[in-house]
Amino acid sequence: MMVIDPYTLIAAVTVGGVLVGGGVHFIPVGGAPAAIATATGVGTGTAMLAAGSGMTGLITAAALTGQAPWLILASGAVGSMLMICITMLVGNLVYVFGVGCVPVSAKVDTDPITKLPQEKFVTPGTEGHGLPTVCYVSGTIGGALGGIGGGLVYWALYGALANPIFTLANRTDLSAAMVAGIFALSVFFVNAVIASYNIGGTIEGFHDPKFKRIPRGIVACLIASLVAGIFSLFLLPGFLGGI
Amino acid sequence: MSVAAGGPGGVAISPAKILGLGLLGLILIYTTPFLGPVFGPLLAAIGAVLAIIWGADTIRRVASYGLGTGVPSIGYMSLAIAIVGSIAGIAGASVLKLDPLLGPIFGFILAVVLGAIVAVLCKTLLKMKIPILIRGTAELSGAAALSVIGFSAAIAGTFSFAPIIVGGTLYLGIEQAVISTGFIALLFILNTMAIQHPFNACLGPDEDQVRTLKLSVATGFIAMAIVGLLSVYTSKAWWLVTLIGAIAWFIAIREFIDASKESAASVKWTGLWPKHEEE
């Protein structure tokens with residue numbers, strides 16, 4: 001297993017946090033308006049989507065504990081992508097067959113991917129409905145970025161915590177995995193909510209004009225994750241010279 | 001989403017009094033190691049409930065300006081900050097060879113610092129227009145950290161990170177009793193619900209601080225009852241924590257329902273749906 005030194009740990013937590021924060025900007029969060037099918041996106045808030053796809057990504061990443069790092073990151077990405085894709089698919093089924101509206105975006109005239117016209121299918125007085133192709137693709141990219149970010153934080157923390165040089169000799173692998181898991185989950189949530197404040201609650205995906213705010217969100221996530229990364233050093237007695 | 005945008009409504013209990021209540025919670029948590037295996041966990045759990053009330057009132061003040069993302073998001077964020085801060089703080093007290101007694105206050109301070117940093121970022125970089133955002137997020141993160149530390153101490157019977165032996169009794173540390181068992185993930189969601197639910201459920205034009213706080217007392221105590229059940233294997237006081245939590249929840253939820261009925265114009269039982277479609 002790879003030995004993680006404390007500086008790699010801080011770097012990994014920071015980069016992981018930025019990937020999560022960036023990934024959230026891609027996810028079509030519709031919020032309360034989408035819940036009544038008057039806006040494009042999944043009808044819930046960022047925190048719920050982050051909980052669903054983030055936790056799934058962390059569980060799939062943790063399932064490959066001890067494997068090569070790229071496998072852990074890929075597994076996290078696949079877990080998150082699967083969860084967000086299933087959420088969007090079932091959401092679309094409800095919007096199309098339950099509510100009876102066409103998945104359509106109100107932010108662009110033609111879908112940038114399929115080139116299908118959008119404008120005339122938008123019900124007057126609403127901001128689109130469901131999840132058109134571009135939102136679905138964007139959400140999948142967001143899930144992948146979030147899963148890689150969460151997996152990166154987990155991999156680095158587990159590597160540092162399970163390393164006898166830095167950590168308690170009596171710490172079990174289970175304990176190291178749980179501490180790393182809950183810490184990674186917390187970093188995931190902090191960055192997901194910062195990103196959702198940046199987009200003002202709702203966004204359609206990378207074609208949405210609000211997506212241009214992404215640099216600000218990334219800087220905010222970078223600083224917050226850096227502080228969390230420095231805090232994570234308190235978990236490494238060997239590094240700080242305790243016990 | 002920002003139903004109540006424009007700041008909190010009438011304030012019957014001042015923020016300073018609620019802050020005092022939260023700090024009383026910190027003192028109660030601090031008495032845990034001195035009161036033995038029965039009253040220690042009980043007071044730690046009650047301390048956590050006081051912290052939940054503090055958090056619920058703070059979320060009422062911050063979220064009433066309209067966050068744009070719904071009330072739960074700031075609740076989840078505060079608990080995430082609280083877990084980063086409290087685990088780093090409690091572990092840090094052991095790591096830096098400090099007295100384990102400094103763990104909770106250290107965790108509390110780290111959570112408040114991280115909360116304040118995130119709020120400053122939101123205010124300056126993301127240009128959020130909530131006047132009390134920085135103080136509110138810092139207070140909320142501190143309250144959330146106290147609720148996590150209090151419930152963790154109630155489960156473990158101590159707030160040492162590693163296992164310790166006191167008077168011949170082995171206390172599992174927080175790492176073994178709360179984190180390895182996975183209870184910390186449950187505390188994450190449980191405390192988030194207890195802190196954000198009261199305002200999320202009560203917000204609206206006729207929101208009333210006392211009524212919201214009554215609901216927060218109820219959510220706090222039912223969380224305490226569940227924490228009692230979680231500590232079956234680690235604490236001798238689990239039945240006492242559960243019992244007192246359940247009784248206090250019953251009283252608080254009855255008070256809340258009475259208060260809701262009093263403020264309502266009329267309360268009617270809608271009945272079940274009719275057996276046949278009415279013509």
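Selection of first residues in the stretch B:141-166 that are part of a helix (DSSP H, G or I) and of second residues that are surrounded by fewer than 24 Cβ atoms within 10 Å (Cβ to Cβ) and polar (S, T, N, Q), restricted to Cβ pairs under 6 Å at least 6 apart or on distinct chains, gives the following pairs, ordered by first then second residue: B:155/B:234. Is it the case that the stretch A:120-131 has a residue that's assigned to a loop (DSSP other than H, G, I, E, B), surrounded by 24 or more Cβ atoms within 10 Å (Cβ to Cβ) and touching a residue at least 12 places away in the same chain (Cβ under 8 Å)? Checked the stretch A:120-131: at least one residue is assigned to a loop (DSSP other than H, G, I, E, B), surrounded by 24 or more Cβ atoms within 10 Å (Cβ to Cβ) and touching a residue at least 12 places away in the same chain (Cβ under 8 Å).
Table: residues versus (1) in a helix (DSSP H, G or I); (2) away from chain B (no Cβ under 12 Å); (3) at pLDDT 90 or above; (4) under 16 Å from residue A:46 (Cβ atoms).
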{"site": "A:143", "(1), (2), (3), (4)": "yes, yes, yes, yes"}
{"site": "A:150", "(1), (2), (3), (4)": "yes, yes, yes, yes"}
{"site": "A:163", "(1), (2), (3), (4)": "no, yes, no, no"}
{"site": "A:177", "(1), (2), (3), (4)": "yes, no, no, no"}
{"site": "A:181", "(1), (2), (3), (4)": "yes, no, yes, no"}
{"site": "A:229", "(1), (2), (3), (4)": "yes, no, yes, no"}
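Applying the condition of being closer than 19 Å to residue A:236 by Cβ and crowded, with 22+ Cβ neighbours inside 10 Å to the stretch B:151-167 and asking which residue is farthest from the other protein chains (Cβ to nearest Cβ) yields B:160. Residues in the stretch B:110-140 that are under 22 Å from residue B:26 (Cα atoms) and more than 10 Å from every other protein chain (Cβ to nearest Cβ): B:112, B:116, B:134, B:135, B:136, B:137, B:138, B:139, B:140. Could we say that residue B:137 is under 30 Å from residue A:211 (Cβ atoms), β-branched (Val, Ile, Thr) and either in contact with a Cys (Cβ under 6 Å, 6 or more places away or on another chain) or surrounded by fewer than 17 Cβ atoms within 10 Å (Cβ to Cβ) (or both) here? Spelling it out, it is not the case that residue B:137 is under 30 Å from residue A:211 (Cβ atoms), β-branched (Val, Ile, Thr) and either in contact with a Cys (Cβ under 6 Å, 6 or more places away or on another chain) or surrounded by fewer than 17 Cβ atoms within 10 Å (Cβ to Cβ) (or both).
Residue by residue, here is whether (1) small (Gly, Ala, Ser); (2) under 24 Å from residue B:186 (Cα atoms) holds:
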| site | (1), (2) |
| --- | --- |
| A:15 | no, no |
| A:18 | no, no |
| A:30 | yes, no |
| A:41 | yes, no |
| A:51 | yes, yes |
| A:71 | no, no |
| A:88 | no, no |
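Being within 14 Å of chain B (Cβ to nearest Cβ), farther than 24 Å from residue B:163 by Cα and either of a type outside the set (Ser, Thr, Tyr) or assigned to a loop (DSSP other than H, G, I, E, B) (or both) is the requirement here; does residue A:108 meet it? For residue A:108, the condition - within 14 Å of chain B (Cβ to nearest Cβ), farther than 24 Å from residue B:163 by Cα and either of a type outside the set (Ser, Thr, Tyr) or assigned to a loop (DSSP other than H, G, I, E, B) (or both) - is not met. Looking across the stretch A:64-104, the residues that are outside any helix (DSSP H, G or I) and touching a helix residue (DSSP H, G or I) at 6+ places or on another chain (Cβ under 9 Å) come down to A:64, A:65, A:66, A:67, A:101, A:102, A:103, A:104. Restricting the stretch B:4-33 to residues that are surrounded by 12 or more Cβ atoms within 10 Å (Cβ to Cβ) and not in a helix (DSSP H, G or I), the residue that is modelled with the lowest pLDDT is B:4.
For the stretch A:183-219, taking the residues that are among the aromatic types (Phe, Trp, Tyr) and crowded, with 20+ Cβ neighbours inside 10 Å, the one that is nearest to the other protein chains (Cβ to nearest Cβ) is identified as A:189. Just one of the listed residues (B:113, B:84, B:62, B:38) is closer than 30 Å to residue A:35 by Cβ, of a type in the set (A, V, I, L, M, F, W, C) and in a helix (DSSP H, G or I), namely B:62. Within the stretch B:61-87, residues that are basic (Lys, Arg) sit with their Cβ atoms under 8 Å from residues that are surrounded by fewer than 24 Cβ atoms within 10 Å (Cβ to Cβ) and not in a helix (DSSP H, G or I), at 6+ positions apart or across chains, in these pairs: B:61/B:8; B:61/B:132. Annotation: residue B:221 fulfils all but one of (1) surrounded by fewer than 20 Cβ atoms within 10 Å (Cβ to Cβ); (2) over 20 Å from residue B:11 (Cβ atoms); the unmet one is (1).
Residue count for the stretch B:34-70 under the criterion of being surrounded by fewer than 23 Cβ atoms within 10 Å (Cβ to Cβ), of a type outside the set (Gly, Ala, Ser) and at pLDDT below 85: the result is 5. Scanning the stretch B:178-211 for residues that are within 11 Å of chain A (Cβ to nearest Cβ) and of a type in the set (A, V, I, L, M) turns up B:178, B:179, B:184, B:185, B:186, B:187, B:189. Looking at B:146, B:79, B:170, just one residue is surrounded by fewer than 24 Cβ atoms within 10 Å (Cβ to Cβ) and either more than 8 Å from chain A (Cβ to nearest Cβ) or within 24 Å of residue B:23 (Cβ to Cβ) (or both), and that residue is B:170.
The values are calculated or read from the model by the stated rules, or taken from the named source; none is laboratory data. This is a predicted model, so every value here is computed, not measured. Here Cβ is always computed from backbone atoms with ideal geometry, including for glycine, and neighbour counts include all displayed protein chains.
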